[in-house]
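One structure is given below, encoded as structure tokens.
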Amino acid sequence: MNSSQVLPPLREDEYVALKRSIQENGVLVPIECDEQGNVLDGHHRFKACRELGIKDWPRIVRKGMMEEESLEHVLTLNLDRRHLTPEERDNVIRQVRSRGLSVRSIAQVMHVGVATVHRAISAGVPSGTPATVRGTDGKRHPAQRERALCAPPLGVHFSSETAEWCTPGEIIERVQRVLGAIDLDPCSDSRDAPHVPAQEHYTREDDGLAHLWRGRVYLNPPYGRELPAWIDKLLGEYGSGRIAEAIALLPARTDTQWFRKLRSFPRCFLWGRLRFSEASSGAPFPSMIVYVGDRWERFVEVFSDIGDVYALVELPGRGSSVGGNSNWLWDGT
Ligand SMILES: C[S@@+](CC[C@H](N)C(=O)[O-])C[C@H]1O[C@@H](n2cnc3c(N)ncnc32)[C@H](O)[C@@H]1O
């Protein structure tokens, strides 16, 4: 099987149209081959030429490419012009994984989150996992290093305070759609194989609270006692202008002081309970996504199909209708 065959074949009508175009106009986009003459890109163009008896087609010979490099190359060339269904995409993910591409490389080249890649792989045949994979650094690593380190311990009771609660792929994809790209994940599960595809990551060892943040931030902090410190840090970094925009995935604890500190930012209360990372069931608490930045319309556009977006309403000149010191109120943490 050559590299191009990881992609599903064209539909019959698409292939007929391509063949007709080649008959009328010739091959407009060169067919790419490796040194052995294997077609890397242009499988359908090559087939149409053979069927039409065209022998002199334009070609580009790519020299010295490793198997994994040609896979990445083919995917990069094809994914923009092919519209894959989610099932076709997952199938491609499984195929390239079984042929040695790392989860991160696949996520990068296919423009999806690491969680989506993990989900597609785990939904497929287990024998598709290779012993070693080629990482984004171009080196080979044992495949098990790629497992999401933050997967909650399945079948074990875990509390909102102790579990890792890694972001589901559907949320990461939406965050990317709002922000364009994620510059920083300040509380990451891993430096080598991070769950969130950000440019920069701070892990527990780095201590994301002790660093300056920058750019577009995605925050899914530890949900324990330290959570308020992360909210203060987020607001401080945004106030300083160092971060342009941020999206935070948080438990919807409307009774807490930290929740009230975020009151001026729109938030999407997610319907139902999130299934975090590879957890077998929903979380034991509701979740919300808070948007910190100026482009709130984009946030509403992208998130309003998975929850309701709320913003604070105040009467002009009156501020909040409920004061913070009412003696019938008790503030949570
Ligand atoms: C809820 S998980 C989120 C993981 C990942 N960012 C995601 O969204 O899938 C919170 C992560 O923060 C990490 N963490 C805990 N304390 C931290 C600190 N002081 N600085 C950076 N990361 C920290 C934990 O190890 C954990 O992996």
* **Matching residues in region 208-228 - criterion: being under 23 Å from the mean Cα position of the chain (by Cα), closer than 18 Å to residue 243 by Cβ and either near the ligand (Cβ under 10 Å from one of its atoms) or among the small types (Gly, Ala, Ser) (or both)** => 208, 215, 218, 219, 220, 221
* So is residue 104 under 16 Å from the mean Cα position of the chain (by Cα) and modelled with pLDDT under 80 or not? -> yes
* Structure fact -> Pairs returned, first residue in region 190-204 that is on the phi < 0 side of the Ramachandran plot, second residue that is among the β-branched types (Val, Ile, Thr) and near the ligand (Cβ under 8 Å from one of its atoms), beta-carbon separation under 9 angstrom, 6 or more apart or interchain, are 190/203; 191/203; 194/203; 195/167; 195/172; 196/167; 196/172; 197/172
* Residues (crowded, with 19+ Cβ neighbours inside 10 Å, in contact (Cβ under 8 Å) with a residue 40 or more places away in the chain and at negative phi) located in region 280-294 -> 283, 289, 290, 291, 292
* Asked: Any chance region 93-100 includes a residue that's part of a helix (DSSP H, G or I), modelled with pLDDT of 80 or more, of a type outside the set (Val, Ile, Thr) and touching a Lys or Arg at 6+ places or on another chain (Cβ under 9 Å)?
  -> no
* Structure fact -> Subset of region 229-247, residues within 21 Å of residue 268 (Cβ to Cβ) and either more than 14 Å from the ligand (Cβ to nearest atom) or in contact (Cβ under 8 Å) with a residue 60 or more places away in the chain (or both), comes to 235, 238, 243, 244, 245, 247
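The values are calculated or read from the model by the stated rules, or taken from the named source; none is laboratory data. This one's a predicted model, so the numbers in the text were calculated from it and none came from an experiment. Backbone-built Cβ (ideal geometry, glycine too); neighbour counts: all protein chains shown.
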